[in-house]
Amino acid sequence: MDGMTLQVHITGCASYLPGEPVGNDELVGLLGDDGSSAAAAVRRRVLAANGIRSRHYALDAVGRTTMLNEELAAEAVLRAVKSSGRDVRELGLLATGTTQGDVLVPGFASMVHGRLDAGPLETLSAAGVCASSMAAFRSAVASVRLGEHDLAAVVGSELISRALKQSRYAAGASGQRVGYDAQFLRWTLSDGAGAVVLEPGPRPDRPSLRVDWTHLVSHAHEHATCMRAGLADRPGGQPAAGDTWLDRATAAEAEQAGLLRLRQDVRALPDLFTAGVGEYVRLVRAGRFDPREVDHVLCHYSSEHFRADIFRLLREADLMIDEKRWFSNLSTRGNTGAASIFVMLDEAWQSGRFAPGDRILLVVPESGRFSFAFAHLTCVGPADRPTPTSRSGRTGQTATGATVSGATVDRPVATGQTVGQTGTVEAATVEAGAVESPLGSPRADDDEVVRWTVLELAGVWADLESRLRRVPVLRRLDTGTATLADYRRLLLTLRPQVVEGGRWISRAASNFSEELFELRSAALHHALEEHRDFRLLEEDFQSVGGDLTEIRTAPKNAGSEALSAFMFHQASQPDPVDLLGAMFVIEGLGTAKAARWAGQLREQLGLAEEQLRFLLYHGANDDDHFAALRDVLRSGLIDRPRAERIVRTARVVARLYALQLEEIDD
């Protein structure tokens, strides 16, 4: 198949859930607890939030483990191969994903292979958390697409129940109770395995699922560890020598210190969903899929409580897929981690939800250190035969019919560690670093110019978010290590742009022609609202020990100088409509960031609301300014050339704004 790529189809799918379903009333009998009312209250709280009514464990009636994780995985693989109508001895590749295998060495795929009556084959063990199975899936898709293997099996499997027993949750040497971050996972996770079989052609006798594209990306460069085991907590998020369980004198000492418990920082989960929706928006913007044309969404989430958060974010972005098209079996199958997406796919497919022509979107957010996996599938009938495609025109199409890159590797961004006999690290197809734009996303009734502008501005916002996460003072805010001096320096840095904002807005207003009189009027109104903001900022600066003379006479840093010069230059041009791009960035930071920064400063430094009035004011009022911006974009005054100017100016202002914040630490 030199020079050619193939289509890839899922021709078999199966799951294996050990034992009988376990209801909520049976949990304590299997896993145990300390008998306290506090523990019971936490358990009830978690179960009420996660919405799980039954799940499965590889445990007998008295809580003894009955199977190994590799056995669960092997059983799922055998069932999936059988459902495809093929023989396990035909497999050329076995790719696995799990949070924790049964042994430290060798790799999980090798251990699963040892359980199968198969011949020699390539193995790949993807390590991570929930998205590890999708990392394995992506690698297997690439291998089949390139013609390296005619038949591959992918399995996600978890046997977490061994780590959920009460013996692992007893108070440690300090005598402190186990925190909510560990208890949440204890009453949420369960055992199971799910597997799929991949081959170039669809089944000749029944429908198959064509793999149109996959997307896998890590945002670990911007986020601290959220879900972890074997790691001590460290302010700032980056582990150091001595922080891991292997650095303790003995494994028993690590166990006693609670390092082996699986924990999740639930406070970080809202950021996970926001970043995940950002990736979703980025894929829409890249033309990978159109939400209006997706027939089924299978999204892995750990708790029904979080489903509402995801839906809210998608609705705010105007990219919500009808709730009736979403499928989940979390309530009856539990959260099986890496296995969940294939367990979900198996049940949805076997229940007859998919018909030829249906488009299916798989979504797996992983909280470990913020990774996201997506796959787009199309149900095809038995008569739809595969067509080889040259590598210059990659196989697979988006929901809108655009050719996409399939499983090709664009750049090295690893999610966890994806290692097999090939010794390679899998990659993401689209750059990382996206969150939802405060402007939202295109509406169904938007024309092409508005749609293009909104999506391009979403890309500008994604780049700005990525840059802001690397700004030292903002990193200290996010990790809880900010100081009062940091807050004073932040206010001192922001003052010049606040003072000059009303001036450049007024100058811009004077340069609008009669054709754009409405924009002139809006600019003057905005300048009137903003021209006294600097007084709030100065009063906040004084309230935290700052000297008024200092903030009024301090020189601008390099970023502030560049931003000011650019803004006045653009405002002096005829019909400076492109300054709407500057407003998008500056007002967007007020809408999306100011209130959050104020909350972080209040929590970390014990500040009163009276000392944070400037940030709180913009967090509460910039939404109105954004509503006006949305109205202008959809007023009919913005044609494509003007839209391009708006996007270009937004991009420049975003970079200069980030630069002025970076200069705080210079």
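The values are calculated or read from the model by the stated rules, or taken from the named source; none is laboratory data. A quick note: this is a predicted structure, and the numbers were derived from the prediction, not measured. With ideal geometry, Cβ positions are generated from the backbone for all residues, glycine too; neighbour counts draw on all protein chains shown. Quick note on the areas: whole protein, heavy atoms, side chains included, nothing else; ligands and nucleic acids left out. Shrake-Rupley method; radii C 1.70, N 1.55, O 1.52, S 1.80 Å.
Descriptive notes on the structure:
- Some residue of region 125-134 being part of a strand (DSSP E or B), open to solvent by 20 Å² or more (accessible area, probe 1.4 Å), in contact with a strand residue (DSSP E or B) (Cβ under 9 Å, 6 or more places away or on another chain) and over 29 Å from Cys299 (Cβ atoms): no
- Checked against the criterion of being part of a loop (DSSP other than H, G, I, E, B) and over 15 Å from the mean Cα position of the chain (by Cα), region 209-226 contains not a single residue that satisfies it.
Here is a yes/no grid of residues against (1) at pLDDT 95 or above; (2) polar (S, T, N, Q):
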position: Asn50; (1), (2): no, yes
position: Arg64; (1), (2): no, no
position: Ala80; (1), (2): yes, no
position: Glu90; (1), (2): yes, no
position: Gln100; (1), (2): no, yes
position: Val105; (1), (2): no, no
position: Val112; (1), (2): yes, no
position: Leu116; (1), (2): yes, no
position: Leu121; (1), (2): yes, no
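- Just one of the listed residues (Leu548, Leu536) is of a type in the set (A, V, I, L, M) and either free of Cβ contacts under 8 Å to residues at least 24 places away in the same chain or in contact with a strand residue (DSSP E or B) (Cβ under 8 Å, 6 or more places away or on another chain) (or both), and it is Leu548.
- Where helices (runs of 4 or more DSSP H) fall entirely within region 452-533, those with at least 2 residues that are open to solvent by 30 Å² or more (accessible area, probe 1.4 Å), touching a Ser or Thr at 6+ places or on another chain (Cβ under 8 Å) and at pLDDT 85 or above are at 484-510.
- Condition check for Asp309: closer than 21 Å to Asp181 by Cβ and surrounded by fewer than 19 Cβ atoms within 10 Å (Cβ to Cβ): yes
- Matching helices (runs of 4 or more DSSP H) fully within region 1-115 where at least 2 residues are closer than 17 Å to Ala136 by Cβ and in contact with a helix residue (DSSP H, G or I) (Cβ under 8 Å, 6 or more places away or on another chain): 69-84, 108-113
- Some residue of region 369-377 being buried (at least 24 other Cβ atoms within 10 Å of the Cβ) and either without any contact (Cβ under 8 Å) to a residue 60 or more places away in the chain or assigned to a loop (DSSP other than H, G, I, E, B) (or both): yes
- Consider region 312-331 and keep the residues that are open to solvent by 40 Å² or more (accessible area, probe 1.4 Å) and in a helix (DSSP H, G or I). The one that is farthest from Thr96 (Cα to Cα) is Glu316.
- Residue within region 168-186 that is modelled with pLDDT of 95 or more and outside any helix (DSSP H, G or I) present: no
- Filter result for Val46 (open to solvent by 50 Å² or more (accessible area, probe 1.4 Å), β-branched (Val, Ile, Thr) and over 26 Å from Gly97 (Cα atoms)): no
- Hey, Asp309 more than 20 Å from the chain's Cα centre (by Cα), in a helix (DSSP H, G or I) and of a type outside the set (A, V, I, L, M) or not: no
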